[in-house]
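Remarks on the structure that follows.
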Amino acid sequence: MAYRRLDLLVVTITLLLAPVFSEVILSRVDRRVDLTSQIVRVTSSLKVENAGSHPVSEILLAFTELQAKKLAFLTATSVQGKGKSKTSGASLPVTVTNLNGLPPDLKFYSVQLPKPLEGGNSLTFDVLAVFTHALQPFPERITQSDHQLVLFQDSAYYLSPYTVKAQSLSVKLPGARIESYTKLENTKLHGSEIKYGPYENLPPYSYSPMVVHFEANQPFAVAEELVREVEISHWGNVQVTEHYNINHAGAKNTGEFSRLDFQARPQIKGAAAFRHLVAKLPPRAHSIYYRDDIGNISTSHLWGDSKKTELLIEPRYPVIGGWRTAFTIGYGLPLEDFLFESEGKRFLNFSFGTPMHEVVVDKLIVKVVLPEGSRGISVSTPFPVQQGQEIKMSHLDVVGRPVVVLEKTNVVPEHNQYFQVYYSFNTLSMLREPFMLIFGFFFFFVACIVYMHVDLSISKSSASYLAKLQWDEVRATIQQLVSVVNQCLAAHEKLEKSLRDLSRAGDVQACKAARKTVDGLLKELSRDLKPLLSFLQSSPQAGHILPKVEELVAKERELQERLITKHSTIVDCYEKKIGGKELENRVASQQQKIVALRQEIEDLIDFIEEI
């Protein structure tokens, strides 16, 4: 709390040194502070008297530096009549002023009167000041079962450079649970409303600190950034797409979150969380969708009538203090409701702020995408905004569509006012895209007709075509040769099988018969290999692969010879009754070489097949 005392000390010193304006007197000030939502709205009714002899054309409004940082919207409206016949008149211009001699720690706004106020006369006007982030969670962290408590700080006296004859203050709270509040003279508590005053004959720059600590479980939904894209199509539609990045700016949750407890007792286990948001869309909105990065979200409800369309959306999870959620909503609107013509120009008349109910927007970006070919672009807004332009490329665009970019910080529902974007557009430009499609399909079909009737094949007498034919023939021959070698390897396996049968049954005659059959098969395969190898040796296209093919044939012949030698040795030993280690010693060297040759042949076949 030390920093709060320091702030109050600085404000007090500033007010003592500030100049006063003796000609103007505030004969009565009635203030009403609405704290029923996260947006603080202060409505002040000022009755101004000119006690001097010179006419007064402006009235100054004073705010502390902290209030000025959180001030989102300020407007003044003239008042006509008294009592029940009191009505609001025209809006009065309000501008920031920097007059010499004013205290630097205070920020002043000037309200321009509709006509100079002559000496001895009086007038009444209302001032609406809207503040964001003015309610500070205290404590800053709570558990799921705790209720959210917030602090609000202001002055019980109306801060003004003028003398105030009589004033009163009313603070409206969302509920009757109040932890504490500053008690001054003439302070009364009635349910959920605190009243201060009346206070009379207060000097200029009177300041009395007031702090209210109360329960506020209403949603503290803050859009850190909102991007609204409004795309105009002269074919009858205005498409609106809104990208939200929202966080709960209330007291942050500490500890675990139980979804079961929240579902069972939401008013106790998560009273400060918000489960849904309400968007008030224009009437006749259609094609409405609600989605996030995962996809479409079905937990939404839509209803409307001829005056409005309301969309209730539920995030995928309840949003508690410190949590965030991001989503996109989109909808279409009839063009004739928002696009008009004036003095040879078209203009879009659209609302600036967010359609979300009671949502604070820290940064709002509104992008108005105009049709390609728009020119002479100008913008009219009811309040200051940053303006810029960019280009957006879309389907069938040539130079891109001009985009008007409007940016503003600290946006509240009071900013939901209409702005206008003026531009010139040639109606004949609407035919550009249809003609592009027509000519595109026309040239496509012409190209298809030409392709079907023109012979684009390569000449059969060209060198490249002949070389391709020769290579195809070489490749076919190599495949036949590899097939013959594989058949030889299969024959070799039959020899090995006959030896295994001999070892198991001891039938020498059957083994010799198998040998005779394999010999005949290998001779036939050898005859088949000769013409294939001769063709490859004579073809220039096979020069790069011929050495590997010849090596393959040579390895196969060597393997064949060693297998026959092994077979003869084993049969001879069986006839002479030689067995055991002596038989193994006789065929050991042959067996090692046979295994190595088989591996080499397999590697060569793989290499040749890859080529």
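The values are calculated or read from the model by the stated rules, or taken from the named source; none is laboratory data. Just so it is clear, the model here is predicted, and its values are computed rather than measured. Positions of Cβ are generated from backbone atoms using ideal geometry, with glycine treated the same way; all protein chains shown enter the neighbour counts. Side chains are part of the model used for accessible areas, which takes the heavy atoms of the whole protein and leaves out ligands, DNA and RNA. Shrake-Rupley method; radii C 1.70, N 1.55, O 1.52, S 1.80 Å.
Calculate one ³J(HN,Hα) per residue across region 439-448 by plugging θ = phi - 60° into the Karplus curve 6.51 cos²θ - 1.76 cosθ + 1.60, and present them in order as whole Hz with x for glycine and proline.
These are the phi-based 3J(HN,Hα) values: 5, x, 5, 4, 5, 5, 5, 4, 4, 5 Hz.
Grab the alpha carbons of the chain, take their convex hull, and tell me the volume per residue in Å³.
Convex hull volume per residue, Cα atoms: 356 Å³.
Within a Cβ distance under 12 Å of Lys307, other residues only, what is the Lys/Arg minus Asp/Glu net charge?
Working: positive: Lys280, Arg284, Lys308; negative: Asp305, Glu310.
Net local charge, Lys307 excluded: +1.
Enumerate the whole-percent occupancy of each 10 Å bin, from 0 to the last occupied one, for all C-alpha pair distances of region 272-351.
The distribution over region 272-351 is 15, 39, 27, 14, 5, 0, given as percents.
Once the Cα gyration tensor of region 512-559 is diagonalised, what are the square roots of 5 times its eigenvalues, in whole Å and ordered largest first, as equivalent ellipsoid semi-axes?
Each semi-axis is the square root of five times an eigenvalue, giving 27, 12, 4 Å.
Ignoring ligands, DNA and RNA, what percent of the accessible area of region 120-222 is carbon or sulfur (1.4 Å)?
On region 120-222, the fraction of accessible area on carbon and sulfur atoms equals 48 percent.
Using every pair of alpha-carbon atoms in region 110-155, split the distances into 5 Å bins beginning at 0 and state the percent of pairs per bin, rounded to integers.
5, 12, 17, 12, 9, 9, 8, 8, 7, 6, 5, 3, 0
Percent of alpha carbon pairs in region 194-251 separated by more than 18 Å?
Distances greater than 18 Å cover 68 percent of the Cα pairs.
Could you sort the peptides 561-571, 289-299 by per-residue average Cβ neighbour count (10 Å cutoff), highest mean leading?
561-571, 289-299
For the chain, what is the accessible area per residue in Å², given a 1.4 Å probe and the full set of protein chains? Each step should come with its number before you reach the end.
Numbers: 32420 Å² over 611 residues.
That works out to 53 Å² per residue.
What is the percent carbon and sulfur in the accessible area of region 387-537, measuring with a 1.4 Å probe over the protein chains and ignoring ligands?
C and S fraction of accessible area: 62 percent.
Taking 8 Å as the Cα distance limit and 6 or more residues as the minimum spacing, I'd like the relative contact order of the chain as a percentage.
Relative contact order of the chain: 10 percent.
Taking every alpha carbon pair in region 57-103, what does the distance histogram look like in 10 angstrom bins from 0, in percent?
Percent of Cα pairs in each bin: 18, 41, 29, 11, 0.
Can you give me the Rg/Rh ratio for region 22-70, using Cα atoms for both radii and the Kirkwood formula for Rh?
With Rh from the inverse mean 1/r over Cα pairs, Rg/Rh is 1.08.
How many percent of the accessible area of region 43-88 is carbon or sulfur, using a 1.4 Å probe?
Answer for region 43-88 is 50 percent, counting heavy atoms of protein chains only.
Taking H placed 1.01 Å from N in the peptide plane, check which residues at least 5 places from Ser208 or on another chain put their amide H under 5 Å from its amide H.
The answer is Ala156, Tyr157.
Between Ser342 and Leu184, what is the label-to-label distance in nm when each label sits 7 Å out along the Cα-to-Cβ direction?
Result for the modelled spin labels: 4.5 nm.
Per-residue counts of other Cβ atoms within 10 Å, averaged by peptide: what ranking do you get for 31-39, 494-502, 180-188, highest first?
For the peptides 31-39, 494-502, 180-188, the packing ranking is 31-39, 494-502, 180-188.
Going highest first, how would you order 269-275, 382-388 by mean Cβ packing within 10 Å?
For the peptides 269-275, 382-388, the packing ranking is 269-275, 382-388.
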